[in-house]
1. Can you work out ³J(HN,Hα) from phi for every residue in segment 87-94, in order, using Karplus 6.51 cos²θ - 1.76 cosθ + 1.60 and θ = phi - 60°, giving whole Hz and x for Gly and Pro?
2. Quick one: 3J(HN,Hα) in Hz for segment 43-51, Karplus 6.51/-1.76/1.60 with θ = phi - 60°, rounded, Gly and Pro as x.
3. Order of 46-59, 21-34 by packing, highest average Cβ count within 10 Å first?
Amino acid sequence: MAALLNEIPGDITVFKKAYTKNKTLAAAVRQYVNELFGQEGLVVVDADDRSLKKLFVPVIQDDLFHHHPKRLVEEKNKQLESLGYHTQVFARDINLFIWKTVCGAGLKRKTRPSKLLIQRLNSRRSKSKR
């Protein structure tokens, strides 16, 4: 890695430090993005962090069962339209779909949240109400 970094022209100190001091690509990217843009207020998080995922469970449950994100987006869209702006975001009842490219042909299909995911969320929801 060090040999490759030495071949790159210009000042790449930020990148050298990030890639040589971190064990994972994700950690290196978080470090250099934070160093480059942290002063601007950009917050970098590790989306694969177990504790962050636990914090996200109520958000997923809310989207699946109550559809609040759609209502919030629609309210903001109305406010923006009243100020003369065009709608930029269109939310659905459930916003947990994954778009996949099928067979490299550029065709897209929607994948709904799995029954197992919904069962697990329902189970957590019923446990939290006890």
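1. Here the 3J(HN,Hα) series is 4, 10, 10, 10, 8, 10, 4, 10 Hz.
2. So the Karplus estimates, Gly and Pro as x, are 9, 10, 10, 8, 5, 9, 6, 4, 5 Hz.
3. Details: 46-59: 10.7, 21-34: 13.9.
Put in order of decreasing packing, that is 21-34, 46-59.
No value in this document is a laboratory result; all are computed from the given coordinates. Worth saying up front: this structure is predicted, and the values here are computed from it rather than measured. A quick note on method: Cβ atoms are made from the backbone with ideal geometry, for glycine too, and the neighbour counts reach across all protein chains shown.
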